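**Student:** Here it is, the structure in full.
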Amino acid sequence: SRFGLSNKFDTEFPSVLTGKVAPEEFKTSISRVNTCLRKNLPVNVKWLLCGCLCCCCTLGCSLWPVVCLNKRTRRSIQKLLEWENNRLYHKLGLHWKLSKRKCETSNMMEYVILIEFLPKYPIFRPD
């Protein structure tokens with residue numbers, strides 16, 4: 001994990017999605033998210049190094065660009081997942097979202113993509 005965001009999400013098809021989503025669609029969606037991360041994280045690393053070098057002189061204010069870039073990356077992934085949901089996954093009864101979770105090995109937080117099953121509404125039942 002870098003800055004609380006994984007630098008790459010696993011493209012392995014989860015077995016619980018068998019019969020719900022085509023493996024190709026899943027891999028396409030994950031690769032779109034990974035491409036977004038690949039474009040944004042190198043910039044964040046450069047700003048982090050610069051911010052750490054100047055941290056003592058600026059009393060920590062030099063780390064604000066990293067915080068803002070991290071927020072922008074997170075927001076762009078959330079928008080991408082919302083687009084994917086509207087395009088395909090809501091029609092299949094699934095909802096993808098970016099969620100914060102505590103790491104199992106340490107006290108750090110990481111972001112994961114949660115895939116939730118939407119409840120089916122009985123449309124033939126009278127009101």
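**Student:** In nm, what is the difference between 0.36 nm times the number of residues separating Lys71 and Lys91 and their Cα-Cα distance?
**Tutor:** Extra length from Lys71 to Lys91 when fully extended: 4.3 nm.
**Student:** Take the cross-link list Lys20/Lys102; Lys20/Lys71; Lys8/Lys79 and give me the ones stretching past 26 Å between alpha-carbons.
**Tutor:** Long pairs (Cα-Cα over 26 Å): Lys20/Lys102; Lys20/Lys71.
**Student:** Cβ under 14 Å from Glu25's Cβ, Glu25 left aside: what net charge do those residues give with Lys, Arg +1 and Asp, Glu -1?
**Tutor:** Local charge sum for Glu25: +3.
**Student:** Which length gain, in nm to one decimal place, applies between Phe124 and Cys50 when the Cα-Cα distance is subtracted from 0.36 nm times their residue separation?
**Tutor:** Contour length minus Cα-Cα distance gives 20.6 nm.
**Student:** Mind giving me the nanometre distance, one decimal, between the label points for Lys102 and Cys61, set 7 Å out from Cα along Cα→Cβ?
**Tutor:** 3.5
Read-outs throughout are calculated quantities, based only on the coordinates presented, and are distinct from any laboratory measurement. Quantities reported herein were computed from a predicted structural model and do not represent experimental measurements. Ideal geometry is used to build each Cβ from the backbone, glycine not excepted, and the neighbour counts take in all protein chains shown.
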